[in-house]
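Scroll down for the structure; my scribbles are underneath it.
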Amino acid sequence: MEAVGHTAKKSGIDELSDDEEANPWELSGLFEGDMLLESHSARNGVLNDTLRWTDATVPYYIHDEDFTDEEELVILKALKEYHNKTCIKFRPYHKTDTNYVVFRSNASGCWSSVGMQSEGQIVNLQSPGCIKHGVVVHELLHALGFFHQQSAANRDDYVKILWENIEPGHEHNFNKYNDSVVTSYGVEYDYGSVMHYSGKAFSKNKEPTIEALQPNVTLGQRNGLSEKDVTKLEQMYQSRCAQRTETDAAASPSFMDHFNSLLGLATNHVLP
């Protein structure tokens, strides 16, 4: 796999504490801070149907040695939000799976591939710093096929990029894409998307790097999926969800088995 940007270094893991103001995904040095891209996907993403998960189902594997039980619960609660609000389903990895997500914490920063990319693609969640509900939701939305909201083709109608405040060498993190690469699925620009940068992302002087053109709005949040995030995700995967039969769903072990086992409510599910 050829990454756009450079590979994260394990030595950076201890550089961020949970209460530090800096965004942990700024540590990785990857494309737009937290996206590990195949060389071909630097010019393709949301509109590339081959990057969408088969039957809108995502097998996952959590490296137990990387996370405490409490941290695994944070990850599983993020999966649960998708389960509750969208047609996307997560289930534990099985050895017959070709494509699946692997949660790791052995490199610096919070980052993910964009869309279904390869066998055992990584969602890295540095600890401390990344094991937070909204951060996990954000990285999973990358894995499902979404770029950042402020990369939208029409972003200049909604925000102003303050280039003079951006850390030198990080200007590319504020690139935008044309409509041949990304789509809004007819949904209005979402200041409150979990995929939107905060106002001071990649700032060199703690001054804003992004300014909303509408008054009294907050740029981005890491609480969970916004209503518009859900709408766009449903639009992207509606045909894939329709392909998934009730029989298929019933035959697959649920992430809830794993969730409940960590809560001590069940002991019949063991990851491979």
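The residue of segment 82-104 that is farthest from the chain's Cα centre (by Cα), among those that are more than 24 Å from THR50 (Cβ to Cβ) and modelled with pLDDT of 95 or more, is LYS85. Residues that are more than 22 Å from VAL230 (Cα to Cα), among the polar types (S, T, N, Q) and over 10 Å from the mean Cα position of the chain (by Cα) are absent from segment 132-152. When the test is whether a residue is charged (D, E, K, R) and either modelled with pLDDT under 85 or surrounded by fewer than 15 Cβ atoms within 10 Å (Cβ to Cβ) (or both), GLU234 does not pass it.
The one condition from (1) under 22 Å from the mean Cα position of the chain (by Cα); (2) in a loop (DSSP other than H, G, I, E, B) that ASN173 does not meet is (2). Test GLY169 against the criterion of being surrounded by fewer than 17 Cβ atoms within 10 Å (Cβ to Cβ), free of Cβ contacts under 8 Å to residues at least 24 places away in the same chain and either in contact with a Ser or Thr (Cβ under 9 Å, 6 or more places away or on another chain) or not aliphatic (A, V, I, L, M) (or both), and give yes or no. Yes; evaluated as a whole, the condition is true for this residue. Being closer than 13 Å to ALA143 by Cβ and touching an Asp or Glu at 6+ places or on another chain (Cβ under 8 Å) is the filter here; which residues of segment 58-81 pass it? Across segment 58-81, the qualifying residue is only PRO59. For segment 173-184, the criterion of being over 21 Å from ASP55 (Cβ atoms), aliphatic (A, V, I, L, M), buried (at least 16 other Cβ atoms within 10 Å of the Cβ) and modelled with pLDDT under 95 is satisfied by at least one residue.
Of everything listed in (1) part of a loop (DSSP other than H, G, I, E, B); (2) within 16 Å of the chain's Cα centre (by Cα); (3) surrounded by 14 or more Cβ atoms within 10 Å (Cβ to Cβ), the single unmet condition for TYR191 is (2). Each residue in segment 150-159 was checked for being in contact with a strand residue (DSSP E or B) (Cβ under 9 Å, 6 or more places away or on another chain) and either surrounded by 21 or more Cβ atoms within 10 Å (Cβ to Cβ) or free of Cβ contacts under 8 Å to residues at least 40 places away in the same chain (or both), and 3 pass. When LEU73, LEU47, LEU36 are screened for being crowded, with 19+ Cβ neighbours inside 10 Å and modelled with pLDDT under 95, only LEU36 passes. Which ones in segment 196-207 are within 23 Å of the chain's Cα centre (by Cα), part of a loop (DSSP other than H, G, I, E, B) and within 14 Å of HIS170 (Cα to Cα)? Scanning segment 196-207 gives TYR197, LYS200, ALA201, PHE202. For the structure I just gave you, tell me whether LEU162 is out of contact with any Lys or Arg (no Cβ under 8 Å at 6 or more places or on another chain) and crowded, with 18+ Cβ neighbours inside 10 Å. Spelling it out, it is not the case that LEU162 is out of contact with any Lys or Arg (no Cβ under 8 Å at 6 or more places or on another chain) and crowded, with 18+ Cβ neighbours inside 10 Å. Take the conditions (1) under 29 Å from ILE75 (Cβ atoms); (2) at pLDDT below 95; SER226 misses just one of them, which is (2). If the condition is being at pLDDT 95 or above and aromatic (Phe, Trp, Tyr), then segment 140-172 contributes TYR158, TRP163.
The values are calculated or read from the model by the stated rules, or taken from the named source; none is laboratory data. Since the structure is predicted, the reported quantities are computational estimates derived from the model, not experimental observations. Neighbour counts run over all protein chains shown; Cβ positions are idealised from the backbone, glycine included.
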